[in-house]
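Peer 1: I'd like to ask some things about the structure below.
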Amino acid sequence: MKDGVVVLSCAIGRRSSPYACLSYCWGADLRGVVVTSKENIGAHQLGLPLSALPNAIQDAAAVCQGLNLRYLWVDSLCIIQNDPEDWKRESGRMHDVYSNSYITIAAHHTKSCKESFLGQQELGNAPWQRDEDERGRTMPPPPLPLDTRGWTLQETILPSRIIHFNGYELSWECNTRVFCECETYSKPWQRDLVLDGWMEIVRQYTARALTVSSDKPMAVAGLAQMVQATIPEGEDTAYFAGLFRGKLLQHLLWVIIHPRTSRPVHSLAPSWSWISVGGPVQYANLASGELRKHWGKRIHQLRHPQRA
């Protein structure tokens, strides 16, 4: 990015330079939105006006300029959108892209890439309204648009530094602390992604939406690799269809939240995996307290009737 011109740069074989990533919502109406395709990749490598890009990308470029960063990674520009092979290859390494970024810019409150997330924040005007259910229990506020999308969960967990824009205030998050303008939530922060924490990741992830349902295993794969890296040496790190073998008994205890949750005709995973269902799940013991310490040891082998 220089002098109002954006150049698509391929970093393969070059020395790595600090770069930012953008985490945002594409939106439903993509008419007129510039993306990289097989037909225009050559032109993008020569350069295109920053003003031709959606407002969200222009805002991210402004943040990069303020931080003196020359490089910005955006999926719509850095992945060839009409090339299935390039999409498969690049989406498979997206967790590396975000975890290795110098900083990630998260636009939480905008529903579309056409919307701007910069400008005056509404600090002090947040709707401090306490909603209660029929039992008088306080209900959490509704999630912001970015926090409803499946792919963006790893985009806001994997980076070592994140700038959050939520429309009310600016907040900063790193591996050890979170700071915001109101200073109410400034406290030590530790991402404790051990095996028990995986169940919370699954709960959050399945509550989010994916535009393409077949992305479900891939959009959480980066988080699975991060959890694997936290498992102590010598313990079982094997991962199968959304479950870790080292905690298989616990990880099989998922239940659907909505009774009418369907299972796709062409399932993406075995029936014992939460990936096989099309809605949010939770773990039976997760909300009520500790996981039970005692497990049955006896296993009955089931055989096919014709082979018995």
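The values are calculated or read from the model by the stated rules, or taken from the named source; none is laboratory data. Keep in mind the model is a prediction, meaning the values are calculated, not measured. When we count neighbours, we look across all protein chains shown, and the Cβ atoms used for this are built from the backbone with ideal geometry, even at glycine.
Peer 1: Could you name every one of the helices (runs of 4 or more DSSP H) located completely within segment 13-129 that has at least 2 residues being of a type in the set (S, T, N, Q) and on the phi < 0 side of the Ramachandran plot?
Peer 2: Values: elements: 41-46, 55-66, 75-78, 84-92, 94-99.
Answer list for segment 13-129: 55-66.
Peer 1: A further question follows. Which one of these is surrounded by fewer than 17 Cβ atoms within 10 Å (Cβ to Cβ) and either closer than 22 Å to A209 by Cβ or among the charged types (D, E, K, R) (or both): D75, D59, D83?
Peer 2: D83 is the lone residue from the list that is surrounded by fewer than 17 Cβ atoms within 10 Å (Cβ to Cβ) and either closer than 22 Å to A209 by Cβ or among the charged types (D, E, K, R) (or both).
The rows are residues; the columns are (1) modelled with pLDDT under 90; (2) under 14 Å from the mean Cα position of the chain (by Cα); (3) of a type in the set (A, V, I, L, M, F, W, C); (4) outside any helix (DSSP H, G or I).
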position	(1), (2), (3), (4)
F179	yes, no, yes, yes
Y185	yes, no, no, yes
Q190	yes, no, no, yes
D196	yes, no, no, no
Y205	no, yes, no, no
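Peer 1: Pick from T211, T261, T237: which is within 18 Å of the chain's Cα centre (by Cα) and either without any contact (Cβ under 8 Å) to a residue 12 or more places away in the chain or not in a helix (DSSP H, G or I) (or both)? Explain how you work it out, then say what you get.
Peer 2: Working: T261 fails: within 18 Å of the chain's Cα centre (by Cα); T237 fails: within 18 Å of the chain's Cα centre (by Cα).
Exactly one of T211, T261, T237 is within 18 Å of the chain's Cα centre (by Cα) and either without any contact (Cβ under 8 Å) to a residue 12 or more places away in the chain or not in a helix (DSSP H, G or I) (or both), namely T211.
Peer 1: On the given criteria, is V212 outside the structural domain of D59 (by TED's automatic domain parsing), at pLDDT 90 or above, within 27 Å of E90 (Cβ to Cβ) and not hydroxyl-bearing (S, T, Y)?
Peer 2: Numbers: outside the structural domain of D59 (by TED's automatic domain parsing): yes; at pLDDT 90 or above: no; within 27 Å of E90 (Cβ to Cβ): yes; not hydroxyl-bearing (S, T, Y): yes.
It is false that V212 is outside the structural domain of D59 (by TED's automatic domain parsing), at pLDDT 90 or above, within 27 Å of E90 (Cβ to Cβ) and not hydroxyl-bearing (S, T, Y).
Peer 1: For segment 265-278, indicate whether the set of residues that are farther than 27 Å from S214 by Cβ, in the same structural domain as I201 (by TED's automatic domain parsing) and at pLDDT below 75 is non-empty. Break it down into steps so the answer makes sense when it comes.
Peer 2: The initial filter retains those residues of segment 265-278 that are farther than 27 Å from S214 by Cβ, namely none.
Taking every residue of segment 265-278 in turn, none turns out to be farther than 27 Å from S214 by Cβ, in the same structural domain as I201 (by TED's automatic domain parsing) and at pLDDT below 75.
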